1. Listed residues 102, 75, 44; which is among the small types (Gly, Ala, Ser) and exposed (fewer than 15 other Cβ atoms within 10 Å of the Cβ)?
2. Quick one: which residue in 269, 188 is exposed (fewer than 15 other Cβ atoms within 10 Å of the Cβ), at pLDDT 95 or above and not aliphatic (A, V, I, L, M)?
3. Residue 261 passes all but one of (1) buried (at least 23 other Cβ atoms within 10 Å of the Cβ); (2) more than 25 Å from residue 173 (Cβ to Cβ); which number fails?
4. Being of a type outside the set (A, V, I, L, M, F, W, C), farther than 18 Å from residue 51 by Cβ and under 21 Å from the mean Cα position of the chain (by Cα) is the filter here; which residues of segment 327-367 pass it?
5. For segment 1-30, which residues satisfy the criterion of being part of a helix (DSSP H, G or I) and among the polar types (S, T, N, Q)?
6. Go through segment 51-86 and give me each residue that's more than 22 Å from the chain's Cα centre (by Cα), more than 30 Å from residue 1 (Cβ to Cβ) and assigned to a loop (DSSP other than H, G, I, E, B).
7. Specify the residue that is surrounded by the fewest Cβ atoms within 10 Å (Cβ to Cβ); the eligible residues are those in segment 116-143 that are within 24 Å of residue 294 (Cα to Cα) and basic (Lys, Arg).
8. Within segment 33-40, can one find any residue that is under 27 Å from residue 258 (Cα atoms), free of Cβ contacts under 8 Å to residues at least 40 places away in the same chain and assigned to a helix (DSSP H, G or I)?
Amino acid sequence: MKKYDIAAYIWPSYTGKERRTLQFWEQGMGEWQSVLSAVSKVEGQMLPRKPLWGTVDEADPKVMEFQIKEALRHGVNVFIYDWYWYDRRPFLEQCLNEGFLGAPNNEDMKFYLMWANHDAGYTWDKRHSSCNEVIWLGSQPREEFDIICRRLIDRYFTRPNYYKINGCPVFMIYDVMNLIRGLGGIEKTKEALAWFRERVKEAGFPDLHLQLTIWGEYSVNISGVDSERTGSTRDIVPELGFDSMSHYQFVHFVNCNRDYLEILPDVAKEWDRIHEEYKVPYYPHISIGWDNNPRHHHITYPIMKNNTPENFRKGLEMAKEFSDRYNDVPLITINSWNEWTEMSYLEPDDVYGYGYLEAVRDVFTEE
């Protein structure tokens, strides 16, 4: 049977070891605090959902040793860690550095990083989640960018289990507009990325594999400052030299306030559009669900419906067929391993048990 790279995003908030998270989750257990305090607001939500593995500390290497085993047993063989840099230093690195990389079996699992370079506000603080004020900027100036790149190469790219395509370490950028804004425009961003590639080559790799998180087609200010010069992601991909693309969440490009089986055809149409209009590979993405209400006291939409393990399996089969038809590298991304506050997770719960993981296993493995 063909081997696939099934890559699940990891939201590294389920730990109390990052002191700066106390302003969002004062109980010292990370975002488990929001998960456990969730209540149903409309029919069918069944909140709070309870993790079968418990509200574990995912910065604990023993916890991650178990999770790695379970992921691999069900066909998930790559973790994509959301990675942050705020206020001149990393944020939420403990789940990766102490948990995953501290697990004795970590080299059995591949991993790579998605730089979640969006601004940070009060979304994570349930008491003030309606507030739009920015706490930390995700955009970074060139001097910070250089520090970040050296850290990525030295600490992560050089690890034997860092995920590579054709020998090139894969690095995903979540918010290309914020990247351009911080670096001061398209030309300066091109210079910074070229410098990054050279540093990667100096470290002994053929090149950097730069991956874009695509949010559907949207306009961007390619000057990095207030200007009439604008473009779209179609312009940005060749301009900045991105090597591939994937999505992070269905909610970024389709209407998710409806039945899962109504969503999948629109997802497939978007994949086909991307394949026709872009010249770099698109690695198909499947989301499990969307419901952000655990982060809010008030009702918030969209709320995805009927996202059962059986219907999720249909999405996986769709992704497998797209990958087989178009891509040499059999990479498929899933949201996510543990986005409990967005109701999109593979980890087993008290409603579906191991259902989502079993769907992955059934589609992508021989067992």
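The values are calculated or read from the model by the stated rules, or taken from the named source; none is laboratory data. If you're wondering where the values come from, they're calculated on a predicted model, not measured in any experiment. Cβ placement follows ideal geometry from the backbone for every residue including glycine, while neighbour counts extend to all protein chains displayed.
1. Values: 102 fails: exposed (fewer than 15 other Cβ atoms within 10 Å of the Cβ); 75 fails: exposed (fewer than 15 other Cβ atoms within 10 Å of the Cβ).
Exactly one of 102, 75, 44 is among the small types (Gly, Ala, Ser) and exposed (fewer than 15 other Cβ atoms within 10 Å of the Cβ), namely 44.
2. Result: 269 is the single residue among 269, 188 that is exposed (fewer than 15 other Cβ atoms within 10 Å of the Cβ), at pLDDT 95 or above and not aliphatic (A, V, I, L, M).
3. Only one criterion in (1) buried (at least 23 other Cβ atoms within 10 Å of the Cβ); (2) more than 25 Å from residue 173 (Cβ to Cβ) is unmet by residue 261, namely (1).
4. Residues of segment 327-367 that are of a type outside the set (A, V, I, L, M, F, W, C), as a first pass: 327-328, 330, 333, 335-336, 338-339, 341-342, 344-345, 347-350, 352-356, 358, 361-362, 365-367.
If we keep only those that are farther than 18 Å from residue 51 by Cβ as well, we get 327-328, 330, 333, 361-362, 365-367.
327, 330, 333, 361, listed by residue number.
5. Step one: list which residues in segment 1-30 are part of a helix (DSSP H, G or I), which gives 19-23.
Within segment 1-30, 21, 23 qualify.
6. Keep residues of segment 51-86 that are more than 22 Å from the chain's Cα centre (by Cα), which gives 52, 54, 62.
The next check asks that each one be more than 30 Å from residue 1 (Cβ to Cβ); those that pass are 54, 62.
Correct list: 54 only.
7. 127
8. Yes: one or more hits.
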